[in-house]
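Data block below; observations after.
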Amino acid sequence: MPPGAWARPPRACSPRTGAEFGLDEETYAPQLSLLERFGQPREIAQASLWLASDASSYITGTVIHADAGYVTGR
């Protein structure tokens, strides 16, 4: 499950942050997400929990993109 742009602590290991480009989250998030915000760690965890649950028992051989539309190439 590849996550998209998600909120993380300022010192997290991330190759790119909006701050590197002189942008704050309010300006940077809409460029990466159709929802115009960064995802929260709990949202990625919820998708992972669903995938590990019996509710997804018929899901196989696919990638669940928890990325708010990033892969659509907005």
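Numbers for the structure displayed
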item	result
Rounded to whole Hz, the Karplus (6.51, -1.76, 1.60) HN-Hα couplings of the stretch 40-49, x for glycine and proline	9, x, 5, 6, 5, 4, 5, 5, 5, 4
Summed side-chain charge close to P2 - residues other than P2 whose Cβ falls under 14 Å, Lys, Arg +1, Asp, Glu -1	-2
Q46-D24 FRET efficiency (beta carbon distance; Förster radius 22 Å; 0.05 resolution)	0.25
Under-5 Å amide H pairs with A66, H placed in peptide plane, nonlocal only	G4
Extent along principal axes [Cα atoms of the stretch 18-72; Å; largest to smallest]	44, 22, 17
Per-peptide average of other Cβ atoms within 10 Å, ordering 41-50, 55-64 highest first	41-50, 55-64
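Every number here is computed from the coordinates shown, using simple stated rules; none is lab data. All values reported here derive from a predicted model rather than from experimental measurement. Reconstructed Cβ throughout: ideal geometry from the backbone, glycine too, with neighbour counts over all protein chains shown.
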